[in-house]
1. Tell me whether the range 131-139 contains one or more residues that are loosely packed, with under 14 Cβ neighbours inside 10 Å, farther than 25 Å from residue 11 by Cβ and free of Cβ contacts under 8 Å to residues at least 40 places away in the same chain.
2. Check off (1) of a type in the set (A, V, I, L, M); (2) under 24 Å from residue 28 (Cβ atoms); (3) modelled with pLDDT of 95 or more for residue 129 and give me the number that stays unchecked.
3. Examine the range 17-31 for a residue that is among the basic types (Lys, Arg) and more than 22 Å from the chain's Cα centre (by Cα), and state whether such a residue exists.
4. How many residues are within 25 Å of residue 53 (Cα to Cα), out of contact with any Leu (no Cβ under 6 Å at 6 or more places or on another chain) and of a type in the set (Val, Ile, Thr) if we restrict to the range 97-130?
5. For the range 103-118: of the residues being over 29 Å from residue 22 (Cα atoms) and touching a helix residue (DSSP H, G or I) at 6+ places or on another chain (Cβ under 8 Å), which is surrounded by the fewest Cβ atoms within 10 Å (Cβ to Cβ)?
6. Quick one: which helices (runs of 4 or more DSSP H) sit completely within the range 141-189 and have at least 3 residues that are in contact (Cβ under 8 Å) with a residue 12 or more places away in the chain and closer than 24 Å to residue 33 by Cβ?
7. Go through the range 37-47 and report how many residues are of a type outside the set (S, T, N, Q) and within 15 Å of the chain's Cα centre (by Cα).
8. Count, please, the residues in the range 60-92 that happen to be of a type outside the set (Val, Ile, Thr) and more than 21 Å from residue 122 (Cα to Cα).
Amino acid sequence: MGLLPGRGRVRVGGLNPDRQPREVRRRVGLLFQDPDDQLFMPTVAEDVAFGPLNLGLSREEAQARVDASLAAVGLEGVGGKLPQHLSLGQRRRAALATVLAMGCETLVLDEPTANLDPRGRRDLLELLASLNGTTLLVATHDLEAVLDLCARTLLLSAGRIVADGPSAELLGDPALMANHGLEVPYRLR
């Protein structure tokens with residue numbers, strides 16, 4: 001319970017996830033790699049309202065969060081649409097709005113730029129970079145995005161942390177990158 005095998009305890013903002021799971025879930029939001037795995041309600045607005053309503057917020061408070069979250073991701077006016085009628089980039093931003101509506105302090109992002117066209121990728125990275133006061137934990141192979149979003153990087157290889165340090169320093173190390181099947185990002189060459 002709350003233990004990593006042979007490694008210690010997991011804490012989220014000082015909380016034990018086993019003892020305080022509801023509070024941990026309130027503080028940490030997850031953006032799935034595939035937004036279609038995250039969006040499940042008939043309309044975008046219902047998807048965004050789902051979390052706040054389950055936190056016990058009133059319909060009015062939830063609607064205020066829906067409006068603010070959709071505006072934050074540039075999707076004003078699409079609340080009444082079916083998620084499957086949106087482009088992939090729009091669905092990714094709608095999924096992000098569902099997380100933002102929860103007021104999370106930490107966002108865990110699984111391959112956030114996967115399958116996006118260049119404009120959608122740039123727009124999403126700019127949006128994520130603008131989330132001041134929110135901790136981003138990004139799992140990705142897009143090392144250029146890491147440079148845009150993350151001051152610190154943990155490099156995983158074969159399920160183990162093999163390096164931990166400033167992103168530009170770590171990702172700019174040709175030997176380290178080559179030893180773990182990666183390449184130095186273009187802008188660091």
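The values are calculated or read from the model by the stated rules, or taken from the named source; none is laboratory data. Since the structure is predicted, the reported quantities are computational estimates derived from the model, not experimental observations. Cβ atoms come from the backbone with ideal geometry, glycine included; neighbour counts cover every protein chain shown.
1. Checked against the condition, which is being loosely packed, with under 14 Cβ neighbours inside 10 Å, farther than 25 Å from residue 11 by Cβ and free of Cβ contacts under 8 Å to residues at least 40 places away in the same chain, the range 131-139 yields no hits at all.
2. Only one criterion is unmet by residue 129, namely (3).
3. The answer is yes; a qualifying residue exists.
4. Number satisfying all stated conditions: 2.
5. Selected residue: 117.
6. Helices (runs of 4 or more DSSP H) meeting the threshold: 143-149, 167-171.
7. So the count comes out to 2.
8. Residues in the range 60-92 being of a type outside the set (Val, Ile, Thr) and more than 21 Å from residue 122 (Cα to Cα): 16 in total.
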